[in-house]
1. Can you give the FRET efficiency for residue 103 and residue 200, using 1/(1 + (r/R0)^6), R0 = 25 Å, r = Cβ-Cβ distance, to the nearest 0.05?
2. How big is the dipole moment of region 173-265 about its Cα centre under a simple scheme where the beta carbon of each Lys and Arg is +1, that of each Asp and Glu is -1, and everything else is neutral? Debye, nearest 20, please.
3. Quote to one decimal, in nm, the extra length available between residue 269 and residue 209 on full extension: 0.36 nm per residue of separation minus the C-alpha distance between them.
4. List the trypsin sites (Lys or Arg not before Pro) in region 298-372 that DSSP assigns to loop (not H, G, I, E or B) and whose Cβ has at most 11 other Cβ atoms within 10 Å. Which are they?
5. Share of Cα-Cα pairs in region 83-235 beyond 23 Å, in percent?
6. So how far apart, in nm, are the two label points at residue 188 and residue 350 if each is 7 Å from Cα heading toward Cβ?
7. Applying 1/(1 + (r/R0)^6) with R0 = 41 Å to the Cβ-Cβ distance of residue 415 and residue 388, what FRET efficiency is obtained, to the nearest 0.05?
8. Across every pair of different alpha-carbon atoms, what Kirkwood hydrodynamic radius in Å does region 239-449 reach?
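Any read-out appearing in this document is the output of simple, stated calculations on the displayed coordinates, not a laboratory observation. Given the structure is predicted, the values throughout are model-derived calculations rather than measurements. Positions of Cβ are backbone-derived with ideal geometry, glycine not excepted, and every protein chain shown enters the neighbour counts.
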Amino acid sequence: MGSNTLQHLCHQLPYSALLFTRTNLYKGLYPIPRMKIYPLCFTKQMQTTTYEVVKGSYLETSPTKQENKTKDTAPVTLDTVGAFQKLPMVMPSVDILHSALRKARRVTPTKGIANAAKREKNKGAKHLDALMKELTLPLRTYKENFPNKRLLHPYERSLIELTLGDGNYEQVLGRVDSLRKKVVSVGKELASLCAQSTSKREAEERLAEGLKRLEDIYRSDGKAVDELMQIAKTLRAMPVVDLEMPTLCLVGAPNVGKSSLVRLLSTGKPEICNYPFTTRGILMGHIALSYRNFQVTDTPGILRRRDEDRNNLEKLTLAVLANLPTAVLFVHDLTGECGTSPSDQFLIYQEIKERFSSHLWIDVISKCDLLEEESPILYVTENAEDDNSELVKYRKFGPDGALRVSVKSKVGIDELKIRVHELLASQSERLNIQKPEDTKEASSPRKIFI
Ligand SMILES: Nc1nc2c(ncn2[C@@H]2O[C@H](COP(=O)(O)OP(=O)(O)O)[C@@H](O)[C@H]2O)c(=O)[nH]1
Ligand SMILES: [Mg+2]
């Protein structure tokens, strides 16, 4: 099934009108003054990869290094929230240029130079030097304040790649820095040339030429600054979730009933998260349970195909599962109503289950009101006589221990809520065990983007 089919299926959703609206979720972001951050662990990669936060960046640590760190060093203090939210405001390149030209014009020659030629040379060199500095100052701020992608949390890294394309973030930052370097070196050269003029006239000409040269460079290479401005805008508008909050993640093929279940399980109305790489919104709700708050989130449907063929929406699902502290609620639709045959769902299920085998997990058979009916839709591609007994069993009952539910008739919903609560309590315990003993009560939430 191609990505067009997925898009098509997505647009058939009754909630699609709602899903297209933009969310204000990220506005709920708040700074946590002098918050302590500790080495973090994540399930699946959690077991294999650990991170520590240094100056707001996530650094991968080897197990040995990790052990030593937790023993020997105090937690690093971090006074910020998610990296994208901290991105500096980037000015359009023409605004930087006009402002720099204006400010540089105010430069006056050093006092006390009586000779007109010397005064002009002095003024011209200072003018060019000031322009060079004004043009490069903002660029230096961007270089310092846009985080190195390698040092971001792996989830933020995935989002940058999915949103901007592989390598684009680094490339644009690199071009902005090349522009800065070019303006510095050419600006210095021009200022020194002007200072060496032999007459007032020559100094005036060299100043005029110099100003034009710097302006030309900025106008032609300033596109990189404008691209960076777009990148910052896009990343800042990314939905925000809590990185450390145990999260129930609904996974399954498109149209199997994930969003319907998120609405039902959420305490309160779920928010719609919009990602720049899709017009489809993703639901994010909360479950309040014994004074604790958990997240519950939809994921875009996964199709049966190779990783290389997966679209960004599917990759987003995989990134959520790999990098956030998620427990899985896998939704199976055996009625055939969703458009993905049960056999294909079985294969998707097997793949995801194998990939994320260490995740806590619940299986749910959705739309059981339809299964109760006499003859559920049978796919022509489905062979009832299939000698794969596992598949035959799956088509009838789903995976072992799966719970049958219906959002329509409410069958199984109370039982599902109980199981979800148990699952989240276990997930919470698991995360607590993975944190070093002395950090547990200090774990205030850190907001991050999904
Ligand atoms: N009959 C029936 N239809 C359902 C049930 N749950 C969801 N649906 C329908 O299945 C379709 C897809 O549901 P949705 O929650 O958007 O699926 P998602 O794509 O997995 O998020 C919608 O038309 C829902 O109304 C159910 O329990 N019974
Ligand atoms: Mg949905």
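1. The computed FRET efficiency comes out at 0.55.
2. Here the size comes out at about 120 debye.
3. Length gained between residue 269 and residue 209: 15.4 nm.
4. 306
5. Above the 23 Å cut-off, region 83-235 has 44 percent of its Cα pairs.
6. Taking the simple label geometry, residue 188 and residue 350 are separated by 6.4 nm.
7. On the way: r = 29 Å, r/R0 = 0.72.
Taking R0 as 41 Å, the efficiency between residue 415 and residue 388 is 0.90.
8. Working: mean 1/r = 0.0559 Å⁻¹.
Here the Kirkwood hydrodynamic radius works out to 17.9 Å.
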